[in-house]
Amino acid sequence: MAIERWRPFGWGLKRWAPARVIPTFEEDIENMFERFERMLGVPRRRAIVETRGWSPLVEMFDRKDEILLRADLPGVKKEDVHVSVTGDVLSIEGERKAEEEVKDEDYYCCERAYGRFYREVLLPAGVQKEKIDSEYKEGILEIHMPKAEEVKPKEIEVKVK
């Protein structure tokens, strides 16, 4: 007869840690609401809608007369960038090409992304879509989206009686 050593209950089992489960639970709930909103046809609340490939960093400013979007596109040629508007979605797409062919064994470190990119941004309410303009200078794409007159802030004089 063999003698077996006593082990506490659950020995060898993985212990449940709620702190590890919470982030995935939050993501699951967020995904559930997004699927539900898409099913109902509700537009997404987030400004950045979709990204594919590598993703350029963007920032948006709400100015008095316009919304300004800036995208960092270092190393991308002007002719490789395309901006379009479809419905309420602004699309930025293009490609950053590698400057020279480098073999894998020659790499010391590579953190830059190459290849195609695609980014969609939900247009804010009150933007005049037909007057959207863009300019590209020194690796920064600026997209100017003029506001409609009815959404621009108006000064109201306060009268004292």
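The values are calculated or read from the model by the stated rules, or taken from the named source; none is laboratory data. For clarity, every value in this text was computed on a predicted model and none was experimentally measured. Ideal geometry is used to build each Cβ from the backbone, glycine not excepted, and the neighbour counts take in all protein chains shown.
Listed conditions (1) loosely packed, with under 15 Cβ neighbours inside 10 Å; (2) in contact (Cβ under 8 Å) with a residue 40 or more places away in the chain are all met by H82, apart from (2). Contact map, segment 143-159: residues that are at pLDDT below 80 paired with residues that are of a type in the set (A, V, I, L, M) and loosely packed, with under 12 Cβ neighbours inside 10 Å, Cβ distance under 9 Å, separation 6+ or inter-chain. Pairs shown: V151/A125. In segment 1-120, counting only strands (runs of 3 or more DSSP E) that sit wholly within it, the ones holding 2 or more residues that are modelled with pLDDT under 75 span 48-53. Filtered by the rule that a residue be farther than 22 Å from L73 by Cβ and either in contact (Cβ under 8 Å) with a residue 40 or more places away in the chain or part of a helix (DSSP H, G or I) (or both), segment 121-135 gives K129, E130, K131.
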